[in-house]
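Worksheet: the structure to be examined is printed underneath.
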Amino acid sequence: MSDVADRVKKIVVEHLGVEEDKVTENASFIDDLGADSLDTVELVMAFEEEFGIEIPDDAAETIQTFGDAVKFIQEAS
Amino acid sequence: MFDLTGKCALITGASGGIGGEIAKALHAAGATVGLSGTRVEPLEALAAELGERAHVLPCNLSDAEAVAALPKQAADAMGAVDILVNNAGITRDNLFMRMSDDEWQSVIDVNLTSTFKLCKGVLRGMMKARWGRIINISSVVGATGNPGQGNYAASKAGMIGMSKSLAYEVASRGITVNAVAPGFITTAMTDKLTDDQKSGILTQVPAGRMGEANEIAAAVLYLASPEAAYVTGSTLHVNGGMAMF
């Protein structure tokens, strides 16, 4: 697993309090990992800080799964 | 009671009567205060009066770029924004039939849109801190309406609806959002009224007197305090009984 994926997973595990093995490629933050809509906003904030990038609101809306987040960040950073 | 030691508060309209008293009350409770307003001189004078823990942050709220920059300037100056008091407001009264688009829009921009933007700008820090207080200064006319103030009343009612919606969204993060709705308060704005106008107004106020700015400040201090953690989405009416809800 890439370095980006590891760092994203760490944030997700810490923020949502879920088991690491639940955070799979297609795991949806809201449907599978128990996030509410505000959690997803906070996750995006945490990604922005961790990776020093800006994630615009319209892009943030497309980040639904762990895989989406990793892919977006790899392309942005 | 009401200890705000270590908290940082941004207050807009701090050059005015009510804003100045709010700043003094929060400062006296131990908060660091960021004094924002358009007129630098009264802000500097207030900061000098308060001494330590006071920062002057000039900002014209009708300037969208300046509004966007203010939350960061405040956080840089004070270290954080734990408490936001959206107190600044303008009036441009006119009969509804005669009200121009510009009179409408400028009041909505300064009173309502800048409140939205400033709330948005400080939320990130509050969410991370899992603590925050937003207090929006509305007005009794936001609830009752007032002839000649269609724009102002709309902006002040809008602040209440906005506060409630935001209160829902962020309550689980330890952030409260409330409104304070002053009635007739002795300020530079009401000093302009004639004695006849004043006595006319007072017939509608059961308390039989105008309110003082420090009576608004006391309500804000309460809502900003740790003790008010369970109060959110509410509107505290401070109006001498002029309108009861």
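In region B:168-187, comparing the full protein assembly with the chain on its own, the residues that lose 50 Å² or more of accessible surface at a 1.4 Å probe are B:R173. List for region A:43-77: residues with 10 Å² or greater reduction in accessible area, all protein chains versus chain alone, probe 1.4 Å? SASA drop of 10 Å² or more in region A:43-77: A:M45, A:E48, A:E49, A:D57.
If I compute solvent accessible area with a 1.4 Å probe over the protein chains, what percent of it on chain A is carbon and sulfur? The C+S portion of the solvent-accessible surface of chain A is 45 percent.
At a probe radius of 1.4 angstrom, the accessible area of chain A per residue rounds to 57 square angstrom. Calculate how steeply helix B:17-28 sits against the longest principal axis of the alpha-carbon atoms of chain B, using the helix alpha-carbon long axis, and give the answer as 0 to 90 degrees to the nearest 10. Orientation of helix B:17-28: about 30 degrees from the principal axis.
The residue among A:H15, A:V70, A:S37 whose Cα reaches farthest toward the positive pole of the charge dipole of chain A, with charges on the beta-carbon of Lys, Arg, Asp and Glu, is A:V70.
For region A:15-40, a drop of 20 Å² or more in accessible area on going from the chain alone to the assembled protein chains (1.4 Å probe) is found at A:L38.
Each Lys and Arg contributes +1 and each Asp and Glu -1, all at the Cβ; summed about the Cα centre of region B:114-224, the dipole is approximately 740 debye. The residues of region B:86-245 present an accessible area of 47 Å² per residue when probed at 1.4 Å with all protein chains retained. Note on region B:1-145: with neighbouring protein chains present and a 1.4 Å probe, carbon and sulfur make up 52 percent of its accessible heavy-atom surface. Computed with every protein chain present, the accessible area of B:K72 is close to 130 Å² [probe 1.4 Å]. Here is the interface size for B with A: some 700 Å² of accessible area buried, both sides summed, with a 1.4 Å probe. The string of couplings for region B:122-132 from the Karplus curve (6.51, -1.76, 1.60, θ = phi - 60°) is 9, 5, 4, x, 5, 4, 5, 6, 6, 7, x Hz, one whole number per residue in order, with x for Gly and Pro.
Angle check, please: helix B:40-50 long axis (alpha carbons) against the longest principal axis of chain B (alpha carbons), in degrees 0 to 90, nearest 10. It works out to around 60 degrees.
Within 10 Å of the Cβ of each residue in B:123-129, the mean number of Cβ atoms contributed by other protein chains is 2. Using the Cβ atoms and a cut-off under 15 Å, what net charge is assigned to the surroundings of B:A167, where Lys and Arg are +1 and Asp and Glu are -1? Its environment carries a net charge of +3. Beta bridges from DSSP with both residues in the protein assembly as shown: antiparallel share about 5 percent, rounded to the nearest 5. Here region B:146-245 has 58 percent of its accessible surface on carbon and sulfur atoms, given a 1.4 Å probe and all protein chains in place.
Taking the 0 to 90 degree range and rounding to the nearest ten, how far is the long axis of helix B:64-78 tilted relative to the main principal axis of chain B, both from C-alpha atoms? Tilt relative to chain B: about 50 degrees.
Since only B:P58, B:T91, B:M127 are under comparison, the one whose Cα sits farthest along the positive direction of the charge dipole of region B:55-152, derived from C-beta charges on Lys, Arg, Asp and Glu, is B:M127.
Magnitude of the charge dipole for chain A, about its Cα centre and with charges confined to Cβ atoms of Lys, Arg (+1) and Asp, Glu (-1), is about 200 debye. For a straight C-alpha distance cut-off of 29 angstrom, the lysines reachable from B:K24 (same-chain residues fewer than eight places away being disregarded) are B:K7, B:K72, B:K117, B:K120, B:K128, B:K156, B:K164, B:K192, B:K198. Our helix-only sum for chain B, with -39,500 (n - 2.57) per DSSP H run of n ≥ 4 divided by its residues, gives a mean residue ellipticity at 222 nm of -14000 deg cm²/dmol.
Here the dipole of chain B is about 740 debye; that uses its Cα centre as origin and unit charges on the Cβ of Lys and Arg (positive) and Asp and Glu (negative).
The values are calculated or read from the model by the stated rules, or taken from the named source; none is laboratory data. Only a predicted model underlies this, so the values are computations on that prediction, with no experimental measurement involved. Counting neighbours? That spans all protein chains shown, and the Cβs are built from the backbone with ideal geometry, glycine included. When the accessible area is computed, the model is the full protein with side chains, heavy atoms only, and any ligands, DNA or RNA have been set aside. Shrake-Rupley method; radii C 1.70, N 1.55, O 1.52, S 1.80 Å.
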